[in-house]
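Mind looking over this structure? Questions follow.
Just so it is clear, none of the values below were taken in a lab; they were calculated from the coordinates. Given the structure is predicted, the values throughout are model-derived calculations rather than measurements. In this analysis, Cβ positions are derived from the backbone assuming ideal geometry, glycine residues included, and neighbour counts consider all displayed protein chains.
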Amino acid sequence: MSRPLRVVFAGTPDFAVPHLAACRRDGVEIAAVYTQPDRPAGRGRKLTPSPVKQAALDFGLPVEQPEQFKDAAARARLATLAPDLLVVVAYGLILPRKVLAIPHRGCWNVHASLLPRWRGAAPIQRAILAGDNETGVCLMQMEAGLDTGPVLLRRAIPIAPADTGGSLHDKLAALGAGVLGEGLDHLVDGAPLAATPQPEDGVVYAHKLDKAEARLDWNEPATALARKVRAFDPWPVAEAVVAGEALRVWRAEHRDLGPGTRDAGDILAATREGIDVACADGVLRLLEVQRAGGRRIAAADYVNARPELKRAAVP
């Protein structure tokens, strides 16, 4: 290109920060960074900037924080920036058609799944919950539908047995930033990527997480509960009732159930290795828990605080 590619970036949470950094490259000019308005956070409910806003300020970039784009003035402000391309990563606001039409090269989105599987709000956690063996990122040309646009670049990675919502989030954020950078380099070099329409088969929606989903029901299979523990770390964190006490469960693993007659929820063992709880199918071994008002502790420390668990164990 004879002049720098003029980009407006739109994003809000931590996931978007590496992508903003990826836009800071040769041949690219960041005209502005859009992010959601400051929100109350913490115990004092103090207005707090988003991670993207903080990063933009650190980079010395101008920041825009409209409440929404239904207002013609907000759209006009974006238009005055004359972007070649709008890059959207976990922005959190719906962009109407009139906004998508402003950049003459359109709008790109980085989505943390292998589209069309897991369109929507929580693709990382849904992939773990479903027991998927792999996931990835897609660089997509945006259109009016929810994550329905054609794909420009696609990269897959395996989901490791120990991956949590947090660890997979970080892997995909780094992967997505690399993919976005690759796409921008193609555009700057005058070799735009071909857009491949998403297949009609295989569409699955990743609905927003609900805290109620994090409650562990011992009548479910242990494998499913172990995936819940992983998927809901670091939010909203799995919760369970163990021998009458409500706990947050940070780490757990499923194990086979040996011979014997047990009811779901029975404590089968409480040792230094963990707390084994009978499930509908198999055993969930709790490895790290948190009592109300307490901190995260190893299950062995929890057993020391509740020695009656050893006596209550069902052989």
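What ranking of K228, K310 emerges when the number of other C-beta atoms within 10 Å of each C-beta is taken as an exposure proxy, fewest first?
K310, K228
I would also like to ask the following. Can you find, among V241, A222, G282, the residue farthest towards the positive end of the dipole of region 211-312? Put +1 on the C-beta of Lys and Arg, -1 on that of Asp and Glu.
V241
If you don't mind, there's one more thing I want to ask. Given H placed 1.01 Å from N in the peptide plane, which residues other than close sequence neighbours of A252 have an amide H under 5 Å from its amide H?
L287
Percent relative contact order of region 210-281, based on C-alpha pairs within less than 8 angstrom and at least six residues apart?
Relative contact order comes out at 33 percent.
Based on DSSP H assignment, which helices of the chain show an axial Cα extent of at least 20 Å together with a mean Kyte-Doolittle hydropathy greater than or equal to -1.0?
Sorted by number, the helices that extend far enough and score high enough are 165-188.
How large is ³J(HN,Hα), in whole Hz, for each residue of region 20-26 in order, when computed from phi with the Karplus curve 6.51 cos²θ - 1.76 cosθ + 1.60 and θ = phi - 60°, using x for Gly and Pro?
The phi angles translate into 4, 4, 5, 6, 8, 9, 4 Hz.
Which part of region 248-292 falls in the paramagnetic zone of R215, meaning amide N under 13 Å from the point 7 Å along Cα-to-beta-carbon?
Under 13 Å, as judged by backbone N against the label point of R215, lies no residue of region 248-292.
List the pairs from K70/K171; K171/K310; K171/K211; K53/K208; K53/K98 whose alpha-carbon separation is above 32 Å, in the order I gave them. Mind dumping the intermediate values first?
On the way: K70/K171 34 Å; K171/K310 39 Å; K171/K211 24 Å; K53/K208 23 Å; K53/K98 24 Å.
Flagged as over cut-off: K70/K171; K171/K310.
Across 5 Å bins from 0, what is the distribution of all Cα-Cα pair distances for region 72-221, in whole percents?
It works out to 2, 9, 17, 20, 18, 14, 10, 5, 3, 1, 1, 0, in whole percents.
Rounded to the nearest 20 Debye, what is the dipole magnitude of region 211-312 about its Cα centre when Lys and Arg each give +1 and Asp and Glu each give -1 at the C-beta? Don't jump to the answer; show the numbers that get you there.
Numbers: 17 positive and 16 negative charges, 78 e Å.
Charge dipole of region 211-312: 380 debye, to the nearest 20.
Here is a follow-up. Hey, how many Å between the Cα centroid of region 30-83 and the Cα centroid of region 250-294?
Result: 46 Å between the Cα centres.
Using a Gaussian network model of the chain with C-alpha springs under 10 Å, which one of F69, F15, F232 is most mobile by mean-square fluctuation?
Fluctuation is largest for F69.
So, one more: Counting only residues 5 or more places away or on other chains, whose amide H sits under 5 Å from the amide H of T135 once H atoms are built in the peptide plane?
Hits under the 5 Å cutoff: I157, I159.
How large is the helix-only mean residue ellipticity at 222 nm for the chain, computed as the sum of -39500 (n - 2.57) over DSSP H runs with n ≥ 4, divided by its residue count, in deg cm²/dmol to the nearest 500?
Taken over the chain, the calculation gives -7500 deg cm²/dmol.
A194 versus E273, label points 7 Å from Cα toward the beta carbon: distance in nm?
Each label point is offset 7 Å from its Cα along the Cβ direction, giving 5.5 nm.
Oh, and also: Per residue of region 99-115, what does 6.51 cos²θ - 1.76 cosθ + 1.60 with θ = phi - 60° give for ³J(HN,Hα)? Whole Hz please, x for Gly and Pro, Karplus curve as stated.
My calculation for region 99-115 gives 6, 4, 7, 6, x, 6, 9, x, 10, 10, 9, 9, 10, 8, 7, 9, 4 Hz in order.
Given H placed 1.01 Å from N in the peptide plane, which residues other than close sequence neighbours of L257 have an amide H under 5 Å from its amide H?
G282, V283
At 0.36 nm per residue, minus the direct Cα-Cα distance, what do H104 and D185 gain on full extension? Give it in nm, one decimal, please.
27.4 nm
While we're on this one: Please find, in a Gaussian network model of the chain (springs between Cα atoms separated by less than 10 Å), the residue of I297, I267, I30 whose mean-square fluctuation is greatest.
Among I297, I267, I30, the largest GNM mean-square fluctuation belongs to I297.
Would you mind calculating the gained length between R3 and L257 on full extension (0.36 nm times residue separation, minus the Cα-Cα distance), in nm to one decimal?
Here the segment from R3 to L257 would lengthen by 84.9 nm.
If contacts are Cα pairs under 8 angstrom and at least 6 residues apart, what is the relative contact order of the chain in percent?
Reported as a whole number, the value is 13 percent.
How long is the gain from R296 to D170 if the chain were fully straight, where each residue apart is worth 0.36 nm and the alpha carbon distance is subtracted?
Contour length minus Cα-Cα distance gives 43.2 nm.
When Lys and Arg each count +1 and Asp and Glu each count -1, what net charge do the other residues less than 11 Å away from G106, Cβ to Cβ, add up to?
-1
Now for a separate question. Go ahead and set up a Gaussian network model of the chain, Cα springs under 10 Å, then flag whichever of L286, L247, L180 fluctuates most.
L247
Rank the residues H254, H111, H207 as a footprinting-exposure proxy: fewest other Cβ atoms within 10 Å of their Cβ go first.
Numbers: H254 19, H111 26, H207 12.
Least to most surrounded, the residues fall as H207, H254, H111.
Could you work out how far apart the two model spin labels at F59 and A76 are, taking each label as a point 7 Å from the Cα in the direction of the beta carbon, and quote it in nm?
2.8 nm
On to the next question. 7 Å from Cα along Cα→Cβ at both I94 and A121: what's the point-to-point distance in nm?
Spacing of the two 7 Å Cα→Cβ label points: 1.3 nm.
Of all alpha-carbon pairs in the chain, indicate the percentage at a distance above 26 angstrom.
54 percent
From the phi angles alone, apply the Karplus equation (6.51, -1.76, 1.60; θ = phi - 60°) to region 266-282 and give each ³J(HN,Hα) in whole Hz, x where the residue is Gly or Pro.
Couplings: 5, 7, 8, 7, 9, 9, 5, 6, x, 10, 8, 10, 5, 10, 4, 9, x Hz.
Only four residue types carry charge here, +1 at the Cβ of Lys and Arg and -1 at the Cβ of Asp and Glu. Report the dipole size of the chain about the Cα centre in Debye, rounded to the nearest 20.
820 debye
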